[in-house]
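A.B. asks: First the structure, which I've put down as structure tokens, then a few questions once you've had a look.
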Amino acid sequence: MADIHLLRTFLTVYRAGTFTRAAHELHLTQPAVSVQIRSLETQIGKPLFRREPRGVVPTAAGRELAQAVAPHVDALEGALDGSGEAAPAIGDTVHIGGPEEFLGVRVFPELAPMMEDGLRVRMFFGVDAPVLERLVDGELDIAVLTVDTRRQGIETQPLCFEYLDLVGTPAWRERLGDIPEGPAGADVLADVPLAAHDEELPLIRIYWQTVFRSSPHAHAMLVANSLRSSLQFAMRGVGVTVLPSHTTAEAVERGELVRLMTPTTPTRSRLYLAWRAGSLRRSSLAWVHGRIALAAREW
């Protein structure tokens, strides 16, 4: 198993993008950094970086390793060097961004016990673009994203899957009948009004491509950067929408909405946890990250 020094060197190269810059940050010579990276690559059995004229680019194995070890190495170093003491959990404030419904339904309950111990939480609800910009600018400490970003200085790890449902009122179910999978199902829905949280129709597009093997025929009638608006659109019978199952569960249980079909293969969308490189050395943020990541195993 690789020791923490090799992993720290690896993460420094991963974040710096060049052996020269990493060597400067680590107060080592460039040959020493190269030797450590080769040693780690030998232990893992795969190349971690691809050498290019302007620096190095992580391979798929390198990116996977960074996602796996960065939170733990940063948190451990923060604990060992005492840097985490500058921001204890009690009385500290952590700023979190992401989809409103997911943060409210999934994340908040996991942080409530920490808040009882004095942690302050500030949440910013939004789609990926504004959330990512705030994370880059330092306005947010950690974020939930629907895509895996390759933004310089931002690290990510897969968090969980959201399972998606095509929902409408019982009246729409009666009107549409049994919707077949494949392109014929997309044809059935061609003239049905749709609601989405983004002009690109990300959830609808995933559902259509997975279930109907095609793209949506039309633009959404309603676009609002809140899944709650799409939910209300469907509940009022204006049209149909695709939403995460945790968003629709209560309305389905009350009978206000129904799942319009049950695909052979469940449709899902992956979510990612994102943070600024190195920021998990701050103890409170490491604890929040760890709490969310651990809970996500059950989501």
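A.B. asks: Would you mind stating whether A184 is of a type in the set (A, V, I, L, M), buried (at least 17 other Cβ atoms within 10 Å of the Cβ) and more than 25 Å from M123 (Cβ to Cβ)?
C.D. replies: no
A.B. asks: Does the stretch 266-279 include one or more residues that are surrounded by fewer than 15 Cβ atoms within 10 Å (Cβ to Cβ) and under 26 Å from P183 (Cα atoms)?
C.D. replies: Yes, that holds for at least one residue.
A.B. asks: Quick one: V211 ticks every box in (1) outside any loop (DSSP other than H, G, I, E, B); (2) modelled with pLDDT of 95 or more; (3) surrounded by fewer than 22 Cβ atoms within 10 Å (Cβ to Cβ) bar one, so which box is it?
C.D. replies: Only one criterion in (1) outside any loop (DSSP other than H, G, I, E, B); (2) modelled with pLDDT of 95 or more; (3) surrounded by fewer than 22 Cβ atoms within 10 Å (Cβ to Cβ) is unmet by V211, namely (3).
A.B. asks: Counting only residues that are within 21 Å of Q152 (Cα to Cα) and under 31 Å from the mean Cα position of the chain (by Cα), which one in the stretch 24-46 is surrounded by the fewest Cβ atoms within 10 Å (Cβ to Cβ)?
C.D. replies: E25
A.B. asks: Looking at this structure, is R281 assigned by TED's automatic domain parsing to the domain that holds Q152 and either among the aromatic types (F, W, Y) or touching a helix residue (DSSP H, G or I) at 6+ places or on another chain (Cβ under 6 Å) (or both)?
C.D. replies: yes
A.B. asks: Return the residues of the stretch 141-191 that are of a type outside the set (D, E), assigned by TED's automatic domain parsing to the domain that holds L280, part of a loop (DSSP other than H, G, I, E, B) and in contact (Cβ under 8 Å) with a residue 12 or more places away in the chain; say none if nothing qualifies.
C.D. replies: The answer is T146, V147, T149, R151, Q152, G153.
A.B. asks: Provide a single number: the residues in the stretch 111-129 that are surrounded by 14 or more Cβ atoms within 10 Å (Cβ to Cβ) and either in a loop (DSSP other than H, G, I, E, B) or out of contact with any Asp or Glu (no Cβ under 9 Å at 6 or more places or on another chain) (or both).
C.D. replies: Matching residues across the stretch 111-129 total 6.
A.B. asks: Right, another one. Under the condition of being outside any strand (DSSP E or B) and among the aliphatic types (A, V, I, L, M), which residue from the stretch 192-208 is farthest from S229 (Cα to Cα)?
C.D. replies: Only one residue tops the list, namely I206.
A.B. asks: Then there's this: Which residues, counting only those in the stretch 90-110, are more than 17 Å from the chain's Cα centre (by Cα) and either surrounded by 18 or more Cβ atoms within 10 Å (Cβ to Cβ) or not assigned by TED's automatic domain parsing to the domain that holds A129 (or both)?
C.D. replies: Across the stretch 90-110, the qualifying residues are D92, V94.
A.B. asks: Further question: For the subset of the stretch 252-284 comprising residues that are more than 30 Å from R8 (Cβ to Cβ), under 21 Å from the mean Cα position of the chain (by Cα) and hydroxyl-bearing (S, T, Y), which member is modelled with the highest pLDDT?
C.D. replies: So, considering only residues that are more than 30 Å from R8 (Cβ to Cβ), under 21 Å from the mean Cα position of the chain (by Cα) and hydroxyl-bearing (S, T, Y), the one modelled with the highest pLDDT is T267.
The values are calculated or read from the model by the stated rules, or taken from the named source; none is laboratory data. Bear in mind that the values here come from a model prediction, so they are computed numbers and not experimental data. Glycine also receives a Cβ, built like all others from the backbone with ideal geometry; neighbour counts cover every protein chain displayed.
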